[in-house]
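Since the structure comes first, as structure tokens, the remarks are kept for the end.
The values are calculated or read from the model by the stated rules, or taken from the named source; none is laboratory data. All figures in this text were calculated on a predicted structure; none of them were measured in a lab. Note that each Cβ is placed from the backbone with ideal geometry, even for glycine, and that neighbours are counted across all protein chains shown.
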Amino acid sequence: MAENRTGRNIFAPKSVSELLSIKQQHPDTLLWAGGTALMRQQNIHPSFSKDIIQLSGIRELKKIRRTERYLEIGACVPIKKILNVGQHVLPFALSEALRSIAPPHIRNRATLGGNLCCRSRRLNTYSVLILMDAILEIRKSGKSRWVGLNRLFTRKGKDSIQDNEVVTRIRIPLNVWNLQYFTAVGDPFYDPFNAISFSLLMETHKGLISQVRFAVGNIGKTIVRSIDFESYLTEKKLKLRPKEIDNAVEYFKKAMEQTEVLTSFQKERTIRFILWFLHELRDYNLFTE
Amino acid sequence: MKINFSLNGRNVDVETPSETRLSDILKDNAKIGSVHTACNKGECRSCTILFNGDAAASCLIPAFEARSSEIVTLEGFSKTDDYHDIMQAFEETGTTLCDLCRGGTILTIYSILERFAEPDEGQILDAFRGSICPCTNIRIIIQVVKKTALYRRRKRFGRK
């Protein structure tokens, strides 16, 4: 269904198949989920030059499904509804990341798909979901494919979604992590040069770190993650020694220098955060086995 | 484009460009006094409304999203018992809200209480995160929310 009043078409499909056929015919349209990030960016009218596909009427995109192995969230599920799923289902780090997105009067309309697919910047849930190995279902008329979230954007921020494709579902594996942590310092919208987020997932077994994943997100086009840092900490005994903490910090410093996406203040914040949590790990303060 | 929505219980038809902010429509077309347009980024809360039952920043909603929606502003909400409970709590704490944040604060309190019967301090602080109006201390708002929750419980269940 299209309406043409001001030279711009607003399509309001009621099903995914209708959405895909519209996208096939009009690949250069803007997908409108919650629109909270887009509306914040446009202070000057006329703001949108493209035709728009309004997604709020598609029920299939607003479903949450849970199995023993994963949680599947429709791309247009509002953040509020995801948070209502409950603490025992939603991974703790994800729930903290969702809560950090915005105050409730914005979370009521913002969607997870919108948060992940924002082209200009990587928002709060992106780094957590990458660590959790989340995958996305991307559909186009007559075809669908699953893509790892880590492959959605290149290092330079270009996305791998074709013009006639749409992200429809986000699948999050429900692995058991002993320690999950997410914190966002500063608000990326109010304070883009200083705001930063830290996501950490850790699995321990009999006093040994069996797996660790850590990512630093800012408002830029990519996140910072160091495989060297993570593999160095793997198989280390808990109660890390001071020398091990120093080495781990050095590995992350190298990764920050290579990616060059953080400001010097954000780098300083990151080092302080790593030192803090590695010391907390040493003292067993963050979790009990 | 022509849009139709329910505003405080009555049907409204507006002819407007599709990208117009709902806050502008409410203020300019529907002459709603409690909706202000200040930051246009959802930060100041002066344009908060109940959009299909949830508190929302009307400056972040374009006209085409408002089609067939149910909108309640402070003018409509002030006819309800819930409004009077909140105002009674404000009176008891001796606080008056400024005109800019009045609608946003009252509708935010209502939406917290719709979600949590007995909200804790963390939930209230989360709901008011980023609130920038300096007219009322957040500690007073926490008191008001807790008092209102108490009135509602008394009314609904006849208990403390």
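Where residues in the stretch A:6-41 are over 20 Å from residue A:144 (Cβ atoms) and of a type in the set (Gly, Ala, Ser), which of them is nearest to the other protein chains (Cβ to nearest Cβ)?
Initially, the stretch A:6-41 is screened for residues over 20 Å from residue A:144 (Cβ atoms), giving A:6-12, A:28, A:30, A:32, A:34-41.
Keeping just the survivors that are of a type in the set (Gly, Ala, Ser) gives A:7, A:12, A:34-35, A:37.
Details: A:7: 9, A:12: 8, A:34: 8, A:35: 6, A:37: 9 Å.
Going through the qualifying residues, I end up with A:35.
What do you reckon, is residue A:73 under 29 Å from residue A:23 (Cα atoms), assigned to a helix (DSSP H, G or I) and of a type in the set (A, V, I, L, M)? Even if it seems obvious, please write down each step before you answer.
Working: under 29 Å from residue A:23 (Cα atoms): yes; assigned to a helix (DSSP H, G or I): no; of a type in the set (A, V, I, L, M): yes.
Against the criterion (under 29 Å from residue A:23 (Cα atoms), assigned to a helix (DSSP H, G or I) and of a type in the set (A, V, I, L, M)), residue A:73 does not qualify.
Give the residue that is surrounded by the fewest Cβ atoms within 10 Å (Cβ to Cβ), with candidates limited to residues of the stretch A:207-224 that are under 14 Å from the mean Cα position of the chain (by Cα) and assigned to a loop (DSSP other than H, G, I, E, B).
Taking the stretch A:207-224 as the starting set, the residues that turn out to be under 14 Å from the mean Cα position of the chain (by Cα) are A:214-224.
This time we only want the ones that are assigned to a loop (DSSP other than H, G, I, E, B), so: A:218-222.
Details: A:218: 25, A:219: 22, A:220: 19, A:221: 16, A:222: 18.
Only one residue fits best here, namely A:221.
Here the stretch B:79-104 is the region considered, the condition is being more than 20 Å from residue B:7 (Cβ to Cβ) and β-branched (Val, Ile, Thr), and the residue that is surrounded by the fewest Cβ atoms within 10 Å (Cβ to Cβ) is B:96. All conditions but one from (1) within 14 Å of another protein chain (Cβ to nearest Cβ); (2) more than 14 Å from residue A:39 (Cβ to Cβ); (3) within 13 Å of the chain's Cα centre (by Cα) apply to residue B:57; the one that does not is (2).
Evaluating residue A:189 against the criteria (1) buried (at least 16 other Cβ atoms within 10 Å of the Cβ); (2) over 22 Å from the mean Cα position of the chain (by Cα); (3) modelled with pLDDT under 90; (4) among the aromatic types (Phe, Trp, Tyr) leaves one unmet condition, (2). In this entry, residue A:122 passes the filter for residues that are modelled with pLDDT under 85, within 27 Å of residue A:256 (Cα to Cα), crowded, with 21+ Cβ neighbours inside 10 Å and among the charged types (D, E, K, R). One residue alone among B:37, B:105, B:96 is closer than 30 Å to residue B:139 by Cβ, out of contact with any Gly (no Cβ under 6 Å at 6 or more places or on another chain) and away from chain A (no Cβ under 14 Å), and that residue is B:96.
Tally the residues that are part of a helix (DSSP H, G or I) and farther than 15 Å from residue B:113 by Cα, restricting the search to the stretch B:65-87. Quick ask: steps written out before the conclusion?
Of all residues in the stretch B:65-87, those part of a helix (DSSP H, G or I) come to B:65-66, B:74-77, B:81-87.
Now restrict to residues that are farther than 15 Å from residue B:113 by Cα: B:65-66, B:74-76.
Final tally of qualifying residues: 5.
Filter the stretch B:17-43 down to the residues that are assigned to a loop (DSSP other than H, G, I, E, B) and modelled with pLDDT of 90 or more, then identify the one that is surrounded by the fewest Cβ atoms within 10 Å (Cβ to Cβ). Can you show your working first?
Residues of the stretch B:17-43 assigned to a loop (DSSP other than H, G, I, E, B): B:17-20, B:30-43.
Now restrict to residues that are modelled with pLDDT of 90 or more: B:30-36.
Working: B:30: 17, B:31: 9, B:32: 23, B:33: 12, B:34: 23, B:35: 26, B:36: 23.
This residue is B:31.
Let's see how each residue does on (1) surrounded by fewer than 20 Cβ atoms within 10 Å (Cβ to Cβ); (2) over 28 Å from residue A:180 (Cβ atoms):
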| position | (1), (2) |
| --- | --- |
| A:129 | no, no |
| A:144 | yes, yes |
| A:147 | yes, no |
| A:156 | yes, yes |
| A:161 | yes, yes |
| A:165 | no, yes |
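Applying the criterion of being assigned to a loop (DSSP other than H, G, I, E, B) and more than 14 Å from every other protein chain (Cβ to nearest Cβ) to the residues of the stretch B:4-16, the residue that is surrounded by the most Cβ atoms within 10 Å (Cβ to Cβ) is B:8.
Run down B:132, B:112 and say which single residue is buried (at least 16 other Cβ atoms within 10 Å of the Cβ), of a type in the set (A, V, I, L, M) and either within 14 Å of chain A (Cβ to nearest Cβ) or farther than 25 Å from residue A:109 by Cβ (or both). Spell out the reasoning first.
Details: B:132 fails: buried (at least 16 other Cβ atoms within 10 Å of the Cβ).
It is B:112.
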